[in-house]
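The values are calculated or read from the model by the stated rules, or taken from the named source; none is laboratory data. Predicted model only: the values in this text are computed from it and were never measured. Cβ placement follows ideal geometry from the backbone for every residue including glycine, while neighbour counts extend to all protein chains displayed. Side chains included, ligands, DNA and RNA excluded: accessible areas come from the protein's heavy atoms. Shrake-Rupley method; radii C 1.70, N 1.55, O 1.52, S 1.80 Å.
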Amino acid sequence: MPILEREEYVEQAYLFRGLHDRLNSSDPVQEIMRHLREEILATTKLPMAIDFLLAELNHVGTMGTAMRKLAHYFTPFQTFLMNAAEDDRGRFDMNRALLILEHEARFRSEKSDPSAMFCFQFETLCRNRLDYDFGLKAMSDDVLYNEEWRRWILWVRQQIGMLDLADLIYVYSEYYLIRQSQIEENVKRPEAVLFGEREGRIALANRHKEPLYLFAALQRQLGYPAVPKPKPPNPLDEMLPKLERTLERMEVRIKMLEDEQREKGIDLRQFYKRPGDEAISESE
């Protein structure tokens, strides 16, 4: 799969953002996709990809299967996120997946830094507790990484859980070579130097710590992209319907009290059921 043009990733980010914003509406996903298709630039290949996604949604009900068949357009990691969101057994929901896909596509349109992309994708796995085995395999198949990166990611896939991520980054950084050269003259150079001096320095400072601290330091110091976090639910969204139901009950009680204060008292006949009411309701 070749690296797509910048406008393709820009339109992908717009598509994922539009789906995220309109997903909670009453419209079906197919209808939202049709509207978004008209908004996408016709000079890109995304409208044709949306047509295929719509066909797969109508026949199978999922988008991950369609994205896997469009491997020349969508990256394996994008397909992995969509499959994880559509898995009923997982806790990774569609809103969070679309938000991450939007940020990833926007980052691809702005930069092509493999080290920053690796940290973004790995942080996505950590924060959302996704499958490391399948996630790292999908990352290794990304066209953004060259052969050296692919071999290293597959090696990390085997070592994850046994070695610290900060150590793995530090050993394959320029800063490791600088420190080792100060200790000994003949430094054994690693197979590939994938990270720069600053990345290695930050990784060394975060050894034996939570990996999320490492990602946060890289974002502060080097401007690495941060994985978006879902917004907490607004308590007012649930409070207003509760207040409305409470006011309705209060109105009924106040009306009953007013009826009781009158001479006739409360008319209990409004709560009676006539013998023919049940038969009429069943016939309807």
Quiz item: Distance in nm between label sites at ASN58 and GLN158, each 7 Å beyond Cα in the beta-carbon direction?
Solution: 4.7
Practice problem: Go through the stretch 62-156 and name the GluC sites (Glu not before Pro) that are in a DSSP coil and have 15 or fewer other Cβ atoms within 10 Å of their Cβ. | Solution: none
Self-check item: Whole-percent pair-distance distribution, where bins are 5 Å wide, for the alpha carbons of the chain
Solution: 1, 5, 9, 13, 13, 11, 9, 7, 6, 5, 4, 4, 3, 3, 3, 2, 1, 1, 0, 0, 0, 0
Quiz item: In the stretch 141-246, which trypsin sites (Lys or Arg not before Pro) are in a loop and have at most 15 other Cβ atoms within 10 Å, using DSSP for the loop call?
Solution: LYS188, ARG207, LYS209
Quiz item: Carbon-plus-sulfur fraction of the accessible area of the stretch 57-123, 1.4 Å probe, in percent?
Solution: 49
Practice problem: Specify the angular offset, from 0 to 90 degrees and rounded to the nearest 10, of the alpha carbon long axis of helix 6-22 from the longest principal axis of the alpha carbons in the chain. | Solution: 30
Quiz item: In the chain, with Lys and Arg counted as +1 and Asp and Glu as -1 at Cβ, which of these residues, MET239, ILE3, TYR145, has the Cα nearest the positive end of the dipole, that is, farthest along it?
Solution: TYR145
Exercise. May I ask you to give the percent of accessible area on the stretch 138-241 that is carbon plus sulfur, with a probe radius of 1.4 Å?
Key: 50
Exercise. At 7 Å along the Cα-to-beta-carbon direction for both GLU184 and SER25, put a label point, then send me their distance in nm to one decimal.
Key: 6.4
Quiz item: Nearest 10 degrees, 0 to 90: what angle lies between the long axis of helix 46-59 and the longest principal axis of the chain (Cα atoms)?
Solution: 50
Quiz item: Angle, helix 76-86 long axis vs. longest principal axis of the chain, Cα atoms, 0 to 90°, nearest 10?
Solution: 20
Exercise. Send over a whole-number figure in Å² for the accessible area per residue of the stretch 19-110, probe 1.4 Å.
Key: 50
Practice problem: Compute the distribution of all C-alpha to C-alpha distances in the stretch 107-243, in bins of 5 Å from 0, and list the percent of pairs in each, rounded to whole numbers. | Solution: 2, 9, 17, 21, 19, 12, 6, 4, 3, 3, 2, 1, 1, 0, 0
Exercise. Could you pull out the pairs from LYS45/LYS111; LYS137/LYS231; LYS45/LYS69; LYS111/LYS209 whose alpha carbons sit more than 25 Å apart here?
Key: LYS137/LYS231; LYS111/LYS209
Exercise. Pick out which of ILE183, ILE50, ILE160 has the largest mean-square fluctuation in a Gaussian network model of the chain, springs linking Cα atoms closer than 10 Å.
Key: ILE183
Quiz prompt | Cα-based Rg of the stretch 132-179 normalised by 2.2 N^0.38 Å, two decimals | solution = 1.20
Self-check item: Extension gain, ARG151 back to ASP51 (0.36 nm per residue minus Cα-Cα distance, nm)
Solution: 32.5 nm
Quiz item: For GLU244 and ALA226 in one chain, what is 0.36 nm times their gap in residues minus the Cα-Cα distance, to one decimal in nm?
Solution: 2.5 nm
